[in-house]
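First comes the structure, then the notes that go with it.
The values are calculated or read from the model by the stated rules, or taken from the named source; none is laboratory data. Bear in mind that the values here come from a model prediction, so they are computed numbers and not experimental data. A quick note on method: Cβ atoms are made from the backbone with ideal geometry, for glycine too, and the neighbour counts reach across all protein chains shown.
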Amino acid sequence: MSYFQLNSTTTKTNAKVYLPNADKNPEWTISQKEQSRLIDIWNKMQSYDVKEINFKNDIFYTGCQYNLDDGRNWFAYKGITVMRDGKITEVKKDENRNFEKKILKTAPKNVVPDVLFITEFNNNISYNKRKTG
């Protein structure tokens, strides 16, 4: 299991939500504070030894991604998070989907539909309870 830290040269990060029915998959930047929180969650997650991951296709939501400018990226969906950095791939179990929800909660207002939180996470998180810009 690897342990990651943000380095001082990591300046530009972004996140993306995959919404198959949308014209474009929304993207946004993530603050340094939120980046640190995501890395903390990742570092606490347990490795997940799997040979193949098969996700059921969903017509509304198919995961989210978090990217660092150093080439590392994380894809989270349905309780599994995959990190790639160009050299290694690591898979971790995202208990309670905390990493995935954290990525989505960093989105500015009106980027991630509230209905996604209700249908995916059985959680009514309104925009006024999430980051607003």
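Among the residues of region 74-90, the ones that are touching a residue at least 60 places away in the same chain (Cβ under 8 Å) and either assigned to a loop (DSSP other than H, G, I, E, B) or surrounded by fewer than 17 Cβ atoms within 10 Å (Cβ to Cβ) (or both) come to 1 in all.
Can you name the residue in region 64-86 that is closer than 15 Å to ASN98 by Cβ and of a type in the set (Gly, Ala, Ser) and, of all such residues, is nearest to the chain's Cα centre (by Cα)? So, considering only residues that are closer than 15 Å to ASN98 by Cβ and of a type in the set (Gly, Ala, Ser), the one nearest to the chain's Cα centre (by Cα) is ALA76.
Among the residues of region 1-30, the ones that are modelled with pLDDT under 90, in a loop (DSSP other than H, G, I, E, B) and not aliphatic (A, V, I, L, M) come to 16 in all. Among the polar types (S, T, N, Q), modelled with pLDDT of 90 or more, in contact with a strand residue (DSSP E or B) (Cβ under 7 Å, 6 or more places away or on another chain) and closer than 20 Å to PHE121 by Cα: is that true of GLN65 in this structure? So GLN65 fits the description; yes.
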